[in-house]
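Novice: Before we start, here is the structure in question, set down as structure tokens.
The values are calculated or read from the model by the stated rules, or taken from the named source; none is laboratory data. The shown structure was predicted, so the numbers you read here are calculated from the model rather than taken from an experiment. For neighbour counting, all protein chains shown are included, and Cβ atoms are generated from backbone atoms with ideal geometry for every residue, glycine included. The protein model used for the area step is the full one, side chains on, heavy atoms only, and it has no ligands, DNA or RNA in it. Shrake-Rupley method; radii C 1.70, N 1.55, O 1.52, S 1.80 Å.
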Amino acid sequence: MKQVKICVLEGDGIGPEIVKQAVKVLKSACNARGIELELTNALLGGAAIDAVGTPLPDATIEQCKKSDAVLLGAVGGPKWDSLPSEQRPEKGLLGIRSALGLYANLRPAAIFPALRSASPLKDDIIRDGIDILVVRELTGDVYFGKHARKQEDGYEIGYDIMQYSTYEVERIARTAFELARKRNRRVTSVDKANVLETSRVWRETVTRIAKEYPDVALSHMYVDNAAMQLVRNPAQFDVLVTGNIFGDILSDEASMISGSIGMLASASLGSGKLGLYEPIHGSAPDIAGKGLANPLATILSAAMMLRFSLDLPELADAIEKAVENTLDAARTADIQDPSLPVYTTEEMGSYVADQVGQLLNNNKD
Ligand code: IPM
Ligand code: MG
């Protein structure tokens, strides 16, 4: 019997309630195929600060390393906003990505046909469908350069060093080209090479690595233009590869094309099989505990986990199909449709779990 070990990091705000739904869906999928699911919980973010005084306890890193994959909700909230930067919940998230060596963050922004009317973009822009894969570098850039303050002429100056080494760019570029080979063989590399030295190293390196992939078409775009093109003509993009900060910003923008940030999943991968899977939205403390959160991004993240870390693509397909079916039957508040019932977080999760069970049981040979 196949056994999979998953470390669950619920985090803060809506984290626990959305993760609970994704776990329900995972259990339903694994049950249908007799796969043994071993779940352990560990602390991250504000929840860890409250329990043990640090956003990333060593025990959490160890537990994650012992697992096949990590499922994460979201971290942060106003309760911890006034803490010094080293002790904030976000530090826990950045720390776990880095401690596990997860340098490639995959954020697919596709549009479910049932959600076309939820997209803020005009119908003629999204008519032919959108299927973008944002590949965001996750362990470098201004996020991990030196952060400091200094006094000068009586003023305080804050600074954060933006930097990329060719090594970091080479590996993320390869990830992007490899993924493009399984898609439409187009990579757009986004930078600000007209201004930043970091970006010039980025662009030269991506161009050099592209020679290893003559079957993939590479183009370059400045980040300001990319932000515009994402709303003007998003269908032009296949794989969009970029650095940590530009990827953070552009992936939120790309997510809105799909109708709601509550729909966007992500996978963070390193050089091995271990991956961390999380929705791209935050902890939404304002709606926590109210049953309003959309669990689909976390459920779709669980599907990515089955595909990338657990080698169970059949189960991943079933979850994605189940989400499509669910969107035809019911909606959470963020993606309401006048003709469909509005479900709570819990109801939505149960509906998907049920669909997954049915799809897999109908397909048994
Ligand atoms: C994300 C988030 C994080 C990031 C924050 C919470 C640190 O915005 O995953 O996109 O900037 O990476
Ligand atoms: Mg972000």
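Novice: What ranking, highest mean first, results for peptides 34-42, 194-202, 136-144, 86-94 when packing means the other Cβ atoms within 10 Å averaged over each residue?
Specialist: 136-144, 86-94, 194-202, 34-42
Novice: Simple spin-label model, 7 Å along Cα-to-Cβ: LEU196 to ASP215 in nm?
Specialist: Between LEU196 and ASP215, the label points sit 3.2 nm apart.
Novice: OK, next. Provide the per-residue ³J(HN,Hα) series for segment 199-209, in order, calculated from phi with Karplus coefficients 6.51, -1.76, 1.60 and θ = phi - 60°, each as a whole number of Hz, with x at glycine and proline positions.
Specialist: After applying 6.51 cos²θ - 1.76 cosθ + 1.60, I find 6, 5, 4, 4, 5, 4, 5, 4, 4, 5, 5 Hz.
Novice: Then there's this: Of the peptides 228-241, 43-56, 150-163, how do they stack up when ordered by the mean number of other Cβ atoms within 10 Å, highest first?
Specialist: Sorting 228-241, 43-56, 150-163 by mean packing, highest first, produces 43-56, 228-241, 150-163.
Novice: Provide the per residue accessible area, probe 1.4 Å, for segment 130-184, rounded to a whole number of square angstrom.
Specialist: I get 56 Å² per residue for this part.
Novice: Using θ = phi - 60° and the Karplus curve 6.51 cos²θ - 1.76 cosθ + 1.60, what whole-Hz ³J(HN,Hα) does each residue of segment 56-63 get, with Gly and Pro shown as x?
Specialist: Residue by residue, segment 56-63 yields 9, x, 4, 4, 5, 4, 4, 4 Hz.
Novice: Let me know the whole percent of all Cα-Cα pairs from segment 196-313 that are separated by more than 23 Å.
Specialist: 46
Novice: Mean residue ellipticity at 222 nm from the helices of the chain, using -39,500 (n - 2.57) per DSSP H segment of n ≥ 4 over the full residue count, to the nearest 500 deg cm²/dmol?
Specialist: Only helices count here, giving -13000 deg cm²/dmol.
Novice: Ok, one more. Using all Cα-Cα distances in the chain, what percent lands in each 10 angstrom bin from 0 up to the longest?
Specialist: 5, 24, 33, 27, 10, 1, 0, 0
Novice: In terms of modelled amide H atoms, which long-range or inter-chain residues lie less than 5 Å from the amide H of ASN41?
Specialist: Here VAL8 satisfy the definition.
Novice: Roll a 1.4 angstrom probe over the protein heavy atoms and tell me the percent of accessible area of segment 1-154 that is carbon or sulfur.
Specialist: Details: 3300 of 6820 Å².
The nonpolar share, carbon plus sulfur, comes to 48 percent.
Novice: Is the C-alpha gyration tensor of segment 203-242 telling us rounded, prolate or oblate? Criteria: a/c under 1.5 is rounded; beyond that, a/b larger than b/c is prolate, otherwise oblate.
Specialist: oblate
Novice: LYS91: which lysines have alpha carbons under 20 Å from its alpha carbon, excluding same-chain residues fewer than 8 sequence positions away?
Specialist: LYS65, LYS79, LYS146
Novice: So if I place +1 on the C-beta of Lys and Arg and -1 on the C-beta of Asp and Glu, and nothing else carries charge, what would the dipole magnitude of the chain be about its Cα centre? I want it in debye, nearest 20. Numbers along the way, then the final one.
Specialist: On the way: 39 positive and 49 negative charges, 161 e Å.
Result for the chain is approximately 780 debye, rounded to the nearest 20.
Novice: So, in nm, how far is label TYR222 from label LEU39 when the simple model puts each one 7 Å beyond its Cα toward the Cβ?
Specialist: 4.9
Novice: So what are the ³J(HN,Hα) numbers for segment 38-52, from phi and the Karplus equation (6.51, -1.76, 1.60; θ = phi - 60°), rounded to whole Hz, Gly and Pro as x?
Specialist: Couplings: 9, 10, 10, 10, 9, 9, 8, x, x, 4, 6, 4, 5, 7, 10 Hz.
Novice: OK, next. Using a probe radius of 1.4 Å on heavy atoms only, what accessible surface per residue do you get for segment 185-321? Whole Å² is fine.
Specialist: 36
Novice: Using modelled backbone amide H atoms (1.01 Å from N, in-plane), which distant-in-sequence or interchain residues come within less than 5 Å of ASP238's amide H?
Specialist: So ASP238 has HN proximity to THR188.
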